[in-house]
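In what follows, a structure is listed as structure tokens, so that the remarks can point back to it.
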Amino acid sequence: MGTSVIGGSSTRVEDKKFLTGKGKYLDDLEFHNISNAVFLRSPHAHAQISSLCTSKAKKMPGVLSVITADDVKKEGLKFLKPFVQENPNTGEAFSFVDQPLLAQEIVRYPGEPVVLIVAETLNQALDASELIDIDYIPLPHVTDAKEALAINTVNVIPAIDRNIFVEWNVCNQDKMKKIFDEADHIVDLSLKNQRIVTNPMEPRGLIAEWDMSNDFYTLYGSTQNIHVMRNSISDMLGISNESVRFIAPDVGGGFGAKNFCYTEYGLIAWASKKIQRPVKWIASRSEGFLSDHQGRDHQSESCLALRKDGKILALHVKSYANLGAYMVGSAGGVQVVQYANLPGTVYNIPNIGLEIFGVLTNTTPIGVFRGPGYAEANLIMERLIDKAALQLGYDKAGLRRLNMYKTTDMPFTNALGGTVDSGNFCGVLNAALEKADYSGVDSRKKRSTKLGLLHGIGFAYHIKGTGGAPDENVDIRFNDDGTISLIMGTQSIGQGHETTFPQILENQLGINKESIFLQSSDTDRIPFGGGHGSSRSTYMGGTAIYKAAKEIISEGTKIAANEFETSVEDIIFVDGCFCVDGTDRSLSLLKMAQVARELGRPLDTYQKWTRESMTFPNGAHVAEVVIDSETGTVNLKRYTAVDDYGVLVNPKIVEGQMHGAIAQGVGQALLEGVVYDDVSAQMLTGSFMDYAIPRADNLPLFKTAFDGTTCTTNPLGVKGCGEAGTIAAPSAIANAIVDALKAFGVTHIDGPATPEKIWALMRSS
């Protein structure tokens, strides 16, 4: 190979399309004779449906179909199953029931779909929905995970005892008690990681078209995972996967909410067959708030045992995860895999005990949200170690360095069996503190004090296992016109795949990326793919490309040897050409591809591979805040991030990922939080009038840098990069706020750190 193009910050190919308004999102697609659908949703958190009459709605102008749970039952459609159904650590099945496509007799959360209306126009469907006569008998409800566990509490689903879908205990109680009894110091923390709404810019939606001639469905959806969607919808319809084609046009964000299937999708598909016309459904923003899979909602009670010198002896965590009314997607797996794998993060903690309860409540189902499980674990650990430093008088950075795994420990395996291959945690922490001018913070604090402001600095170290679905496929085809089709099982939702994937293939094959055309997001193009999730794209898709390229070169070498009438050992591949070593005889790869086609031995290559390990991006983030002592308003003044993402394919794209993730983390730290009414259990934060997300004026200019170690679990040396800021920012900002408020005796604050909450803390001291 010649000069590597890995590490070059080439401009995103897709930006021209998006910035000029040429993107094709779901709502931009045009279909002949299309109809429109709306869902009538439950206004109650928990209620019995005592009567339901749709006769008036069916008579409304333009109405094509009104579908209820009875219709679903008569058709024999199947309920939606969660993607992860058992504890991967033990093989023990979770306690769950499949989710009904439409509520049957009982509604279990506000926003649960009850009736589907299909009409010629959207307004006609909305008008008809208002004429559906439905009576509810309200039932007792519960919205809090701990309350749901209480004796004689509301039973969300009768078949699930005590509302517990999983109870997993990884803790030697006797051993843990002995360690804590003998420890010099004990630090404990009760923490609530609030529920948040994902809110991608483009709402969820589906367009379904049924072909009568072969009983075939073509579906178009704004999703992160076309193959999972196809398979789940096929299951609901009771047909084979081969009877469904799923296509994703441009996708306007996902962040986990679009990773797994919803009941609406199966219904929209079936409705297209029922009325024999294309059916379109795109959620309103209000529907998104009510029905999109939400994130976090995690309560924990944790404690650290330490020696006099600050060495951590043990960590114990008891956690309560609110999963909402149904277990959906991989939400169950988050609690026992992602959260459990790295509870000690980058710290060498010899003893870790976990008690995990996954609980059902009368709330919107929880799914996955950027950094699921790892964000929850990081907030616990980084808040706990900061509290230990404050309580025991240790230096916050020094306490972390003392307990961090060193580079000489790599690879290390933590107390629960999670193995990390590479990292330089102390070095990255030092680099971040230097870049943030940590040594100069005292002078900045003095200036703020003179202005009557409270000034604080905090930092957090993050780590995450990335990889998502363990299998990935790529299909590379050499076309007659000299171009290459790069067909991927991974899927873009805005990350820059049209740039980075051709960049990787260019690096391996020495062919200008201008000749490489990425194709993805269509189940007919490639039979299986892992989609997007868990920052998997470059690691999984990039490694599949690398392996496929190696096969192409290997096969091309054999054909070249035949063409040049020499041995395979004499053929070398350099700068996109097969050459006879020591001579000027050569053929370009594209020419060799033509020769191979003519010989009936095309270089087209399909690669399927299964990973054995994840990658572990990590880094240190430093937040600096100023708080108005009169109002409690937090101003995020500085934010610094130094991250280890391994080898960077395109640093410019990686930096964009960093910025986006940090912004979402800031939102969780300062602004975002779902609130359910104590009496009615109605969602009080069901619109942007009541639910705050970050704006430009909430964010400082980020100072970022990369300090990478090469990942050893893949040939590219890359690590995931898309979730770091979302994991680290809530911890770093919470630590900074506590630092600013320590004069008031404040040792902890739960998010979001609203002015009202901070004002009350200052005045309660």
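Within the same chain, aspartates and glutamates fewer than 8 places from Lys22 are excluded, and of the rest, those with a Cα less than 12 Å from its Cα are Glu14, Asp250. Eigen-decomposition of the gyration tensor built on the alpha-carbon atoms of the chain gives equivalent ellipsoid semi-axes of 41, 39, 23 angstrom, largest listed first.
The string of couplings for region 80-97 from the Karplus curve (6.51, -1.76, 1.60, θ = phi - 60°) is 8, 8, x, 5, 9, 10, 8, 6, x, 6, 10, x, 6, 5, 5, 8, 8, 10 Hz, one whole number per residue in order, with x for Gly and Pro. Diffusion coefficient of region 1-124 by Stokes-Einstein, Kirkwood radius over Cα pairs, 10 °C, 1.306 mPa s: 82 µm²/s.
For the charge dipole of the chain, defined by +1 on Lys and Arg C-beta atoms and -1 on Asp and Glu C-beta atoms about the Cα centroid, which residue among Val118, His462, Tyr25 has the Cα displaced farthest towards the positive pole? Most positive-ward Cα: His462.
Coordinate range of the alpha-carbon atoms in region 557-600 per principal axis, descending: 28, 20, 13 Å. Each Cα pair under 8 Å and six or more residues apart adds its separation to the average, and for the chain the resulting relative contact order is 15 percent.
For region 119-213, taking Cα atoms only, Rg and Dmax work out to 24.5, 76 Å respectively.
Alpha-carbon geometry of region 46-191: the Rg and the Dmax are 22.7, 76 Å, given in that order.
Where the alpha-carbon atoms of region 450-560 are placed on the principal axes, they occupy 76, 27, 23 Å, in descending order.
How much space per residue, in cubic angstrom, does the convex hull of the C-alpha atoms of region 515-616 take up?
143 Å³
Past 29 Å, Cα to Cα, is the threshold; run Lys318/Lys608; Lys406/Lys435; Lys308/Lys446; Lys24/Lys59; Lys406/Lys446 against it and keep the listed order. Over 29 Å Cα-Cα: Lys318/Lys608; Lys308/Lys446; Lys24/Lys59; Lys406/Lys446.
Compactness of region 347-476, taken as the C-alpha radius of gyration over 2.2 N^0.38 Å, stands at 1.37. Running Debye on region 399-464 with equal point scatterers at the Cα sites and no solvent, what base-10 log of I(q)/I(0) appears at q = 0.27 Å⁻¹? Debye output, listed in q order: -1.22.
For region 59-142, the relative contact order is 40 percent, taking Cα pairs closer than 8 Å that sit 6 or more residues apart in sequence and dividing their mean separation by the residue count. The equivalent ellipsoid of region 338-402 has semi-axes of 28, 13, 12 Å, largest first, where each one is the square root of 5 times an eigenvalue of the Cα gyration tensor.
Sorted from greatest to least, the principal axis extents spanned by the alpha carbons of region 213-311 come out as 77, 31, 24 Å.
So which of Lys146/Lys742; Lys513/Lys550; Lys464/Lys719 end up more than 20 Å apart, counting from Cα to Cα?
Working: Lys146/Lys742 29 Å; Lys513/Lys550 17 Å; Lys464/Lys719 10 Å.
Cα-Cα > 20 Å for Lys146/Lys742; rest within.
By the rule of a C-alpha distance below 16 Å, with chain neighbours fewer than 8 residues away ignored, the aspartates and glutamates paired with Lys177 are Asp188, Glu301, Glu355.
Percent relative contact order of region 159-267, based on C-alpha pairs within less than 8 angstrom and at least six residues apart? Write down the numbers at each step before the final one.
Working: 112 pairs, mean separation 27.1, N = 109.
Relative contact order comes out at 25 percent.
No value in this document is a laboratory result; all are computed from the given coordinates. For clarity, every value in this text was computed on a predicted model and none was experimentally measured. So basically every Cβ, Gly included, is an ideal-geometry build from the backbone, and we count neighbours across all protein chains shown.
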